Amino acid sequence: MVSITRSLSPALVGERLSAVLLAATVGIGLLFVSGFAPVVALHNAAHDWRHAHNFPCH
Amino acid sequence: MTKRLLAAALVAGFLAACVASVLQFALTSPLILAAEKYETAETVAPAVHAFSGHAFANPLIVLAHSGHGAAGHDHGGEPQWQPAPGLPRLAFTALATLVSGVGYALLLGAVLVAAGREVTPGEALKFGVGGFLAASLAPAIGLPPELPGVAAAALESRQLWWVATALATASGLYLLAIRRGPVAIALGLALIVAPHLWGAPHGPEDISAMPPVYAAQFAARSLAIGFAFWAVLGLAFGWAWGTVAGKQDIASGRRSGVPA
């Protein structure tokens, strides 16, 4: 359990890169939908959250 | 590693959303509802205040909701969908919190993994506090958390400034806290300060019928909830990162039900 993250083989670097890129892309997509998307239905659904977390809102 | 990152982000986003949702229902949602009463009262009768205690009526009050062409709640013509008041509205707020929570958790995990740090609850908490500074506190300096019905500058310019400030603050914190060279520190400080020297877009300064104490309470509570959200997000991500790995080890040995 301890030894998995210790060595950084080139394969792990590649895997790490793809994990980071995937997570960042999906994360930005989710944040856009909930925090920034101008679609009225999405705005109204997420309205209180946007206000509470200081996303610029209408 | 991808699976581990996604699983930990789901767990952390869920836990942070649970905490933030409860806090929002208790602290900010009542204020939003109270502010909307003033907002709709002014929309229905702009010249006459339905609430006693205000000696004057200001015809220059700009209503953010009614003035905005695309996102108005009450403008005539086609009624726009919005969640029904009461439980559905709370449910959609919680759903939006969950979606954002998982989104922020994914970004937090991506930054942690990209920085090559060993992911522990303590380390993830530090990055979570950084996330609070970058995504909550720094934008709030220029664009304080606003209740519905408060006039503001054009939405796109505020969103642009918000995103630019969050990115600049995050990069600045990275340079300050992780790179730590003299040049990096100077550059990091410059990045953190630059958006505020540039200045946030400001709307007209109007007089609202809403009691100022609402706005003040809302701003403080919003930041407090933001801090709780980010702290739980960081701690939970670090914890889930370790737990998911442990489960995977066990699962490869004897069980096949790995959550993810």
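The values are calculated or read from the model by the stated rules, or taken from the named source; none is laboratory data. None of the values given here were measured: they were computed from a predicted structure. Positions of Cβ are backbone-derived with ideal geometry, glycine not excepted, and every protein chain shown enters the neighbour counts.
Here B:His196 clears all of (1) touching a residue at least 60 places away in the same chain (Cβ under 8 Å); (2) more than 11 Å from chain A (Cβ to nearest Cβ); (3) within 21 Å of the chain's Cα centre (by Cα) except the condition numbered (1).
When B:Val213, B:Val193 are checked against the criterion of being in a helix (DSSP H, G or I), out of contact with any Leu (no Cβ under 9 Å at 6 or more places or on another chain) and either modelled with pLDDT of 95 or more or surrounded by 15 or more Cβ atoms within 10 Å (Cβ to Cβ) (or both), B:Val193 stands alone in meeting it. Scanning the stretch B:135-149 for residues that are more than 12 Å from B:Phe218 (Cα to Cα) and part of a loop (DSSP other than H, G, I, E, B), we see that the one that is nearest to the other protein chains (Cβ to nearest Cβ) is B:Leu143. Taking the stretch A:13-27 as the range and being surrounded by 13 or more Cβ atoms within 10 Å (Cβ to Cβ) and within 7 Å of chain B (Cβ to nearest Cβ) as the test, the residues that pass are A:Glu15, A:Arg16, A:Ala19, A:Val20, A:Leu22, A:Ala23, A:Ala24, A:Val26, A:Gly27. Contact map, the stretch B:226-242: first residue under 13 Å from B:Lys126 (Cα atoms), second residue outside any helix (DSSP H, G or I), Cβ cut-off under 7 Å, separation 6 or more or different chains; pairs are B:Gly238/B:Val119; B:Gly238/B:Thr120.
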